[in-house]
Amino acid sequence: MTSQKPTPKDPRLLGNVLNAMMKRLKSADVEIVGGVFGRWREVVGESIADNVTPVRIEGKKLTVEVADQAWATQLRFLEKDLLHTLHQHFGDAIESIDIRVRRYR
């Protein structure tokens, strides 16, 4: 049998395509991104999830938006515990958190 090199028109697994795209964007694997965004409320709890929203993962940095400045301050106090919780669920995929106050337009 001759082994042919795949062409751009050959079908590829969606997960492989998404992972390649995420690497080019310097983001975490699709499973990590999907887990963080899809399971946020379950992982961090109701109180945090009601006021803190994940918006992006770049490399190993998670950027979140908070409802107001008071929550930004609160989250800075909780950052170490939140990172520990994220490590329990997603391994070492997230090493730091960038906290942004949500801007209303």
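Listed here are the residues, each with its yes/no results for (1) touching a strand residue (DSSP E or B) at 6+ places or on another chain (Cβ under 9 Å); (2) more than 16 Å from Ile32 (Cα to Cα); (3) among the β-branched types (Val, Ile, Thr).
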site	(1), (2), (3)
Ile57	yes, no, yes
Glu65	yes, yes, no
Gln69	yes, yes, no
Ala72	yes, yes, no
Tyr104	no, yes, no
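For region 70-79, does any single residue satisfy the condition of being touching a helix residue (DSSP H, G or I) at 6+ places or on another chain (Cβ under 6 Å) and either surrounded by 15 or more Cβ atoms within 10 Å (Cβ to Cβ) or at pLDDT below 90 (or both)? Scanning region 70-79, I find at least one residue that is touching a helix residue (DSSP H, G or I) at 6+ places or on another chain (Cβ under 6 Å) and either surrounded by 15 or more Cβ atoms within 10 Å (Cβ to Cβ) or at pLDDT below 90 (or both), so the answer is yes.
Every listed requirement among (1) under 13 Å from the mean Cα position of the chain (by Cα); (2) at pLDDT below 60; (3) not in a loop (DSSP other than H, G, I, E, B) is met by Leu18 save one, (1). Entry remark, region 39-48: residues being loosely packed, with under 15 Cβ neighbours inside 10 Å and either of a type in the set (Gly, Ala, Ser) or part of a helix (DSSP H, G or I) (or both) number 5 in total.
The values are calculated or read from the model by the stated rules, or taken from the named source; none is laboratory data. Everything quoted here is computed from the prediction, not taken from an experiment. We place every Cβ from the backbone using ideal geometry, glycine too, and count neighbours over all the protein chains shown.
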